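Here's the structure we're looking at; comments come further down.
The values are calculated or read from the model by the stated rules, or taken from the named source; none is laboratory data. These numbers were taken from a predicted model, which means no experiment stands behind them. Every residue, glycine among them, receives a Cβ derived from its backbone with ideal geometry; neighbour counts consider all protein chains shown. Protein only, heavy atoms only, side chains kept; ligands, DNA and RNA dropped before computing areas. Shrake-Rupley method; radii C 1.70, N 1.55, O 1.52, S 1.80 Å.
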Amino acid sequence: MIVVSDATPIISFLKINRLDILETLFGEVLLPDAVYEELTSNLNFQVEADKVRSCDFFKRVSIANSDTVNMLMRMTGLDLGESEAIVYSDENKCDLLIVDEVRARHVATTMKLRISGTIGILTVANEKGLLCKADAIECARILRLSKRHISEALLNSFVENLK
């Protein structure tokens, strides 16, 4: 399975200290250059940057056509990381794009890309026995406390569907 991620879901998994879920579920997660830079270049978050750099299952990848990325950014208002993740996923026929931002999710689904967000990945982790219900709920609680936007409707649906 070829999986690409934007930065926000990786940041969310860092916040709940569960990058291991991504490795267990996918084996390898591709990070386009702009996403990798976003995750590793902020001097205020060096501990997190070091965690990303030390994960062997993250593989940095480059975009073949930067013109397509630039056009997508101009047309949609998406940032560079989101745009690279979408373009890479599309060009390489990836199986899954992990993305949380609403506008990026809309663009990706319009392009017929298969997407999931952080909550979707936590749901799969629960279904596969990697997270018990209480731990999954705690992960969502931590994310909300750390200002990750999770709507009340999404949270309620998430909790209802946990095993």
- Query: Can you tell me which residue in segment 67-103 is farthest from Ile115 (Cα to Cα), limited to those that are of a type in the set (S, T, N, Q) and open to solvent by less than 30 Å² (accessible area, probe 1.4 Å)?
  - Reply: Ser83
- Message: Exactly one of these conditions fails for Asp56: (1) of a type outside the set (S, T, N, Q); (2) surrounded by 13 or more Cβ atoms within 10 Å (Cβ to Cβ); (3) outside any helix (DSSP H, G or I). Give me its number.
- Response: (2)
- Tell me, which residue of segment 113-153 that is in a loop (DSSP other than H, G, I, E, B) and aliphatic (A, V, I, L, M) is farthest from Asn17 (Cα to Cα)? Leu113
- Reported set for segment 127-156 where residues are open to solvent by less than 70 Å² (accessible area, probe 1.4 Å), without any contact (Cβ under 8 Å) to a residue 12 or more places away in the chain and under 16 Å from Val102 (Cβ atoms) is Ser151
- Is it the case that segment 74-97 has a residue that's among the charged types (D, E, K, R), under 15 Å from the mean Cα position of the chain (by Cα) and in a helix (DSSP H, G or I)? yes
- Item | Filtered residues of segment 1-20 (kept if within 25 Å of Asp90 (Cβ to Cβ), open to solvent by less than 40 Å² (accessible area, probe 1.4 Å) and not in a loop (DSSP other than H, G, I, E, B)) | Val3, Val4, Ser5, Ala7, Thr8, Pro9, Ile10, Ser12, Phe13
- Item | Complete set of residues in segment 104-126 that are among the basic types (Lys, Arg) and either under 15 Å from the mean Cα position of the chain (by Cα) or crowded, with 21+ Cβ neighbours inside 10 Å (or both) | Arg105, Arg114
